[in-house]
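To start, the structure itself, in C-alpha cells.
The values are calculated or read from the model by the stated rules, or taken from the named source; none is laboratory data. Computed from a prediction, not measured in an experiment: that's the story for all the values here. Cβ placement follows ideal geometry from the backbone for every residue including glycine, while neighbour counts extend to all protein chains displayed.
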Amino acid sequence: MKLKHIDVKKGDTFARLGRIAIANAFDGGYEDLTGWTAQAQLRRLDYSLISTLNVTIGARVNAKYFGITITCPASETANWAEGEAIMDIEFTSPSSEVQSSPTFIVNILRDVTDV
C-alpha cells in the first residue's frame, strides 16, 4: 500500500479537514460514529513522540461519512524538527472497540517566510 504524504511547514497551523468512514465487518455497512472518540500522534520514524494532535469527529455528512478535523497550533509546530514523520488516527467506539487509520507520512518543512 502506498502511504499518503502530508506536507506541513514549521510555524504554520496544522489543520486538516476531511471525512471518515469506518466499515462494519459484520454487515458490510458503515459504523455510526456518534459517541466515538479519536486521537492522533505525530512521531519520528524511530517512534519517538513529536506531538499529540487535536482530533474532532464532526457531524454526519451522509449515510457513509462523518466529518473529521485534525489540528495543532502554530506555536507547537514551530518546535517541530524538519524531516519525515508518521501519524495515524486511532478511533474508539463507545463500547471500547479500537480501530486505527492507515499510517500517513508527514513531511515537516522549513517555512520560506520565516520572520
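Results for (1) of a type in the set (Gly, Ala, Ser); (2) under 14 Å from Ile57 (Cα atoms); (3) in contact with a Pro (Cβ under 9 Å, 6 or more places away or on another chain); (4) assigned to a loop (DSSP other than H, G, I, E, B), shown as yes or no for each residue.
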| position | (1), (2), (3), (4) |
| --- | --- |
| Ile6 | no, no, no, no |
| Asp12 | no, no, no, yes |
| Arg16 | no, yes, no, no |
| Arg19 | no, yes, no, no |
| Phe26 | no, no, no, yes |
| Leu33 | no, yes, no, yes |
| Gln39 | no, yes, no, no |
| Arg43 | no, no, no, no |
| Asp46 | no, no, no, yes |
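Quick check on segment 25-40. Is at least one of its residues under 30 Å from Asp114 (Cβ atoms) and under 13 Å from the mean Cα position of the chain (by Cα)?
Yes, because at least one residue in segment 25-40 is under 30 Å from Asp114 (Cβ atoms) and under 13 Å from the mean Cα position of the chain (by Cα).
Give me the residue from segment 54-66 that is within 19 Å of Ala15 (Cα to Cα) and either of a type in the set (S, T, N, Q) or within 12 Å of the chain's Cα centre (by Cα) (or both) and, out of that set, surrounded by the fewest Cβ atoms within 10 Å (Cβ to Cβ).
Applying the filter and picking the extreme gives Thr56.
Can you confirm whether Thr77 is surrounded by 14 or more Cβ atoms within 10 Å (Cβ to Cβ), farther than 22 Å from Ile20 by Cα, of a type in the set (S, T, N, Q) and under 15 Å from the mean Cα position of the chain (by Cα)?
In short, yes.
Determine whether Trp80 is of a type outside the set (Asp, Glu), more than 24 Å from Asp7 (Cβ to Cβ) and either touching a helix residue (DSSP H, G or I) at 6+ places or on another chain (Cβ under 7 Å) or at pLDDT 95 or above (or both).
No: the conditions fail for Trp80.
Restricting to segment 1-37, name every residue that is out of contact with any strand residue (DSSP E or B) (no Cβ under 9 Å at 6 or more places or on another chain), among the aliphatic types (A, V, I, L, M) and free of Cβ contacts under 8 Å to residues at least 12 places away in the same chain.
Across segment 1-37, the qualifying residue is only Ala25.
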